Amino acid sequence: MVKTGGNNIKNIFRLLFASLLIFNLFILFSAANAEEPYNYVTQWGGKGTNIGQFDLPSGIVADSAGNVFVADSGNNRIQVFDNNGKFLRAWGKYGSGNGEFFIPWGIAIDQAGNIFVADQGNHRIQKFDKNGNFMNAWGKHGSGNGEFNAPAKIAIDNSGNIFVADRDNNRIQKLDSSGQFLSTWTYTDPESGMGLWPGGVSVDQSGNVFVTSMLTYQTLKFSNGGNWLKTWGKYGSENGQFLGISGLKCDPSGNVFVSDAGNGRIQKFDNNGNFLLTWGKNGAGDGCFAGVWDMAFDTSGNVFVADTNNSRIQKFSPAVAVTPATPTTSTTLPSLNYILTLEVKNGASSSVSFSPPNPLPASVTDPYRFMPVRVLDKNGLMIINTALEDNGMITLSGINVGNTVQISYYKLHASLYLPNATWATMPKYEFKIPPANILKPSVPVWGALVTMGPPPGLSKIKTTPLKTLTTIK
């Protein structure tokens, strides 16, 4: 009996150990695959009728240049801003004529840069060029094909087809690029028996159509032709649940961002509805929301949120994790073969200079270059804070043994611009100045003294070796 009991106890401990091991592996796997949060960057707007102010901004989209178009619903106009909120232009006023609006609620852009607006109160879709010049309009109040009843949101696929969330007709309508009716579909939830009442519509790069159902607190996935594929979500405040579901948008990778307006947050899912992350809460502070109705993405992955009831636009950037790299004997910079020269003379005038290839390759359309440079003393206190621009050279005075020279390439050219970077996180090259007797004059020391390499994520960018000449004299 004792022997049998001992075996049972051993088996119990083995089972507990195995369970703990599986649990720990699950935690590690989950942490390794956890999505990084989004960081608040800036905001603009405020309630009003002046330029740059909003009254219920409910639709938002960004073009390929990063400009942000906002459907300023209560002011019956479209406003356009640059990527950081600088006002560029506006068009529209209250009315039912061409180029006039009655509650413009949704907005989309095609691959040619044309702007499409769901003119909700006029029950129609209007098309403009990127400068706001009227091009076309179609639709009227009704329930027939090509007619609308309070169209809420609008999306465009890669073929130019237009998908309209025809809200009060409880359906999605699909039109061609010239506004001709193609098809329509609806959906009835099998459990509740409730209809669609779509609040938002978006299309991924594969042509799948995603719709929010405001009556059932669900997100639905359809094929391009309207065949139901997937449903997720229900009423509640847990991850994957919604309280006042409204707009949604697909990012270029196919992830689905859903406006959980009642919970004051945005939830991110993969293409099949698996929860990834959430951010935000109810309120008026930075990163808080009051009735989110739409969001947009630029080519850098920044997220622009129409914080509707706060009458503002908020900008967020994906968190960028910069991890130290193992020092190597060679370093690369993306796209362009720059020449960087760091000449250091202990206690005397030293210099840093860099220059790009001459001439620039034809593929480089934005040659803007800017390299911050700092020098820290042996205690880590900054004693020099300057920068290199274009084909520049700067003088660093009074560098001594133990000083650290930091050269950041976070804005070397457009493909490396990290607008939310700080000195603690931005990618940089760092040189610790050793005593003069350690190295002989003119001995290259670049690779041996690099303590941080290029940031992660640059492997997809073509790289070429950076030529260097670093000497201690």
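Taking residue 183, is it open to solvent by less than 70 Å² (accessible area, probe 1.4 Å), of a type outside the set (A, V, I, L, M, F, W, C) and assigned to a loop (DSSP other than H, G, I, E, B)?
Spelling it out, it is not the case that residue 183 is open to solvent by less than 70 Å² (accessible area, probe 1.4 Å), of a type outside the set (A, V, I, L, M, F, W, C) and assigned to a loop (DSSP other than H, G, I, E, B).
Could you count how many residues in region 123-164 are over 26 Å from residue 205 (Cβ atoms) and aliphatic (A, V, I, L, M)?
Summing the residues that are over 26 Å from residue 205 (Cβ atoms) and aliphatic (A, V, I, L, M) in region 123-164 gives 2.
Pairs needed: first member in region 277-303, touching a residue at least 24 places away in the same chain (Cβ under 8 Å) and β-branched (Val, Ile, Thr); second member anywhere, open to solvent by 10 Å² or more (accessible area, probe 1.4 Å) and in a loop (DSSP other than H, G, I, E, B); C-beta distance under 8 Å; at least 6 residues apart or different chains.
From residues that are touching a residue at least 24 places away in the same chain (Cβ under 8 Å) and β-branched (Val, Ile, Thr), the pairs are 278/239; 292/280; 299/64; 299/252.
Can residue 126 be described as open to solvent by 30 Å² or more (accessible area, probe 1.4 Å) and either over 21 Å from residue 47 (Cβ atoms) or touching a Pro at 6+ places or on another chain (Cβ under 9 Å) (or both)?
No; evaluated as a whole, the condition is false for this residue.
Can you pull out every residue in region 75-123 that is open to solvent by less than 20 Å² (accessible area, probe 1.4 Å) and aliphatic (A, V, I, L, M)?
78, 80, 107, 108, 115, 117, 118
Go through region 205-221 and report how many residues are in a loop (DSSP other than H, G, I, E, B) and surrounded by fewer than 22 Cβ atoms within 10 Å (Cβ to Cβ). First the steps, then the outcome.
Narrowing region 205-221 to residues in a loop (DSSP other than H, G, I, E, B): 205-208, 214-217.
Retained after the next criterion (residues that are surrounded by fewer than 22 Cβ atoms within 10 Å (Cβ to Cβ)): 205-208, 214-215, 217.
Residues meeting the conditions: 7.
What are the residues in region 208-222 that are more than 25 Å from residue 299 (Cα to Cα) and either touching a residue at least 60 places away in the same chain (Cβ under 8 Å) or more than 24 Å from the chain's Cα centre (by Cα) (or both), if any?
213, 214, 215, 216, 217, 222
Please go through region 254-266 and pick out each residue that is under 18 Å from residue 61 (Cα atoms) and surrounded by 19 or more Cβ atoms within 10 Å (Cβ to Cβ). Give the derivation first.
Let us first name the residues in region 254-266 that are under 18 Å from residue 61 (Cα atoms), namely 254-259, 266.
256, 257, 258, 259, 266, listed by residue number.
If a residue must be on the phi > 0 side of the Ramachandran plot and open to solvent by less than 20 Å² (accessible area, probe 1.4 Å), how many such residues does region 222-239 contain?
2
Examine region 188-196 for a residue that is within 17 Å of residue 225 (Cβ to Cβ) and in contact (Cβ under 8 Å) with a residue 12 or more places away in the chain, and state whether such a residue exists.
The first filter runs over region 188-196 and keeps only residues within 17 Å of residue 225 (Cβ to Cβ), leaving 196.
Filter once more, keeping what is in contact (Cβ under 8 Å) with a residue 12 or more places away in the chain: 196.
Yes, region 188-196 contains at least one residue that is within 17 Å of residue 225 (Cβ to Cβ) and in contact (Cβ under 8 Å) with a residue 12 or more places away in the chain.
Step by step: first the residues of region 168-180, then only those that are in contact with a strand residue (DSSP E or B) (Cβ under 8 Å, 6 or more places away or on another chain) and in a loop (DSSP other than H, G, I, E, B), then the one that is surrounded by the fewest Cβ atoms within 10 Å (Cβ to Cβ). Which residue is that?
By that ranking, first place goes to 178.
Limited to region 141-156, what total is found for residues that are in a strand (DSSP E or B) and within 31 Å of the chain's Cα centre (by Cα)?
Pass one, region 141-156, residues in a strand (DSSP E or B): 141, 148, 151-156.
Then drop every residue that is not within 31 Å of the chain's Cα centre (by Cα), which leaves 151-156.
Final tally of qualifying residues: 6.
Out of 159, 73, I need the residue that is at pLDDT below 95 and more than 22 Å from the chain's Cα centre (by Cα). Which one?
Details: 73 fails: at pLDDT below 95.
Checking each option against the conditions leaves just 159.
The values are calculated or read from the model by the stated rules, or taken from the named source; none is laboratory data. Since this is a predicted model, take the numbers as computed values, not measurements. Cβ atoms come from the backbone with ideal geometry, glycine included; neighbour counts cover every protein chain shown. Calculation scope for accessible area: heavy atoms of the full protein, side chains included, ligands and nucleic acids excluded. Shrake-Rupley method; radii C 1.70, N 1.55, O 1.52, S 1.80 Å.
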